[in-house]
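K.L.:
The structure under discussion is supplied below as structure tokens; questions concerning it will follow.
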Amino acid sequence: MAAEILDGKVMSERLRAEIAERVTALKEKGITPGLAVILVGNDPASEIYVRNKGKGCKEVGMYSRTIRLPEETTQEELNSEIEKLNADSAIHGVLVQLPLPKHLDEQEALAKILPEKDVDGFHLINAGHMLTGTEGVIACTPRGALYMIKSTGIDLDGKEAVVIGRSNIVGKPMAMLLLRENCTVTLCHSRTKNLAEHTRRADILVAAVGKAGFVTADMVKDGAVVIDVGINRVDGKVCGDVDFENVKKKAGWITPVPGGVGRMTITMLLDNTVDAAERTVKP
Ligand code: GUN
């Protein structure tokens, strides 16, 4: 039987309607949730992501500001932009679009963002909350992916979850979130031996590799939940890390690309920003 498609557009529409209601309620209290995105340089993929973040804000009635800095921006200039946004009461969420140009230190920039305005969940404080399972901001992509996994209604307790990719943005936090759901988690990466032996055990398989069509049907267990985090461009067409056409014949559930996790990432970013704005409301 063909897999059920986990449609990020449909899920996002429902969630964004709820977010828009919370934005309206905040505006009635005189607060317009605001997101600032800093984009350094001219990376074409980042340009698209940043544009979509701005569109998402508009859709739910939030304020958004994009700060474009030239490729040759120094660390001091970047840090100073972040500090200005930290001090700006119109801004509840600050996001530095990654990757940064090579001469800039990503960790230094992320550490400058006030943890309560870190709507990406990348600050060490929030990464620590994720690790310990205490309350903090959860990174948008893994949060969106987990929402999609949970939407299947399957009981995650004791399930085998395999994550491919160990990035700080997706792989590591994804593994932590699945662990918090009591999955038995295997985190695979480019040095993993016999990758397919791991992936074939997976009840939940998350691919965050960055290679088009990397996950093939022979690597997937019958009935598995397959979450495709990849966004690759092949001949001008956007596709994921999973060979969607063949894997969907074997999986129980699968996310498409586009229209899957990417859409949910922005929805979670909007949600994290509204959360941050709500935290500023005085009781
Ligand atoms: N680059 C790719 N994905 C992301 C993300 O979720 N946040 C930021 N800041 N940069 C990214």
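K.L.:
How many residues are in a loop (DSSP other than H, G, I, E, B) and more than 13 Å from the ligand (Cβ to nearest atom) when one looks only at region 128-149? Before the answer, list the steps.
P.N.:
Keep residues of region 128-149 that are in a loop (DSSP other than H, G, I, E, B), which gives 133-139.
The next check asks that each one be more than 13 Å from the ligand (Cβ to nearest atom); those that pass are 133-136.
Summing the residues that are in a loop (DSSP other than H, G, I, E, B) and more than 13 Å from the ligand (Cβ to nearest atom) in region 128-149 gives 4.
K.L.:
Just to be sure, is ILE138 in contact (Cβ under 8 Å) with a residue 24 or more places away in the chain and either in contact with a helix residue (DSSP H, G or I) (Cβ under 7 Å, 6 or more places away or on another chain) or loosely packed, with under 15 Cβ neighbours inside 10 Å (or both)?
P.N.:
For ILE138, the condition - in contact (Cβ under 8 Å) with a residue 24 or more places away in the chain and either in contact with a helix residue (DSSP H, G or I) (Cβ under 7 Å, 6 or more places away or on another chain) or loosely packed, with under 15 Cβ neighbours inside 10 Å (or both) - is met.
K.L.:
Counting residues that are surrounded by 13 or more Cβ atoms within 10 Å (Cβ to Cβ) and more than 16 Å from the ligand (Cβ to nearest atom), which helices (runs of 4 or more DSSP H) fully inside region 1-92 reach at least 2?
P.N.:
The qualifying helices (runs of 4 or more DSSP H) are 8-28, 75-86.
K.L.:
Every residue in region 245-255 that is crowded, with 17+ Cβ neighbours inside 10 Å and over 22 Å from ILE266 (Cα atoms), please.
P.N.:
Within region 245-255, VAL247, LYS248, LYS250, ALA251, GLY252 meet the criteria.
K.L.:
Check LEU100, LEU95 and return the single one that is open to solvent by less than 30 Å² (accessible area, probe 1.4 Å), part of a loop (DSSP other than H, G, I, E, B), within 16 Å of the ligand (Cβ to nearest atom) and modelled with pLDDT of 95 or more. Don't jump to the end; show me each part of the working.
P.N.:
Working: LEU95 fails: part of a loop (DSSP other than H, G, I, E, B).
Just one listed residue meets the conditions, LEU100.
K.L.:
Additional query: So the check is Cβ under 9 Å with 6+ separation or different chains; which pairs have a first residue in region 255-273 that's more than 30 Å from LEU85 (Cβ to Cβ) and a second one that's open to solvent by 10 Å² or more (accessible area, probe 1.4 Å) and within 11 Å of the ligand (Cβ to nearest atom)?
P.N.:
As it stands, the answer is THR255/VAL229; VAL257/VAL229; VAL257/ILE231; GLY260/VAL229, since those pairs meet every condition given.
K.L.:
Quick check, is GLY259 within 16 Å of the ligand (Cβ to nearest atom) and in contact with a helix residue (DSSP H, G or I) (Cβ under 9 Å, 6 or more places away or on another chain)?
P.N.:
So GLY259 fails the test.
K.L.:
Moving on to the next point. Could you grab me the full set of residues in region 108-127 that are without any contact (Cβ under 8 Å) to a residue 40 or more places away in the chain, more than 13 Å from the ligand (Cβ to nearest atom) and not in a loop (DSSP other than H, G, I, E, B)?
P.N.:
GLU108, ALA111, LYS112, PRO115, LEU124, ILE125
K.L.:
Looking at this structure, is THR152 within 12 Å of the ligand (Cβ to nearest atom) and either buried (at least 19 other Cβ atoms within 10 Å of the Cβ) or in a loop (DSSP other than H, G, I, E, B) (or both)?
P.N.:
no
K.L.:
Within the set of pairs 6+ apart or on separate chains, which have a first residue in region 83-106 that is of a type in the set (D, E, K, R), a second that is buried (at least 20 other Cβ atoms within 10 Å of the Cβ), and C-beta atoms under 6 Å apart?
P.N.:
Close Cβ pairs (under 6 Å, with a partner that is buried (at least 20 other Cβ atoms within 10 Å of the Cβ)) amount to GLU106/LEU100.
The values are calculated or read from the model by the stated rules, or taken from the named source; none is laboratory data. All values derive from a computational prediction rather than experimental measurement. Counting neighbours? That spans all protein chains shown, and the Cβs are built from the backbone with ideal geometry, glycine included. Side chains included, ligands, DNA and RNA excluded: accessible areas come from the protein's heavy atoms. Shrake-Rupley method; radii C 1.70, N 1.55, O 1.52, S 1.80 Å.
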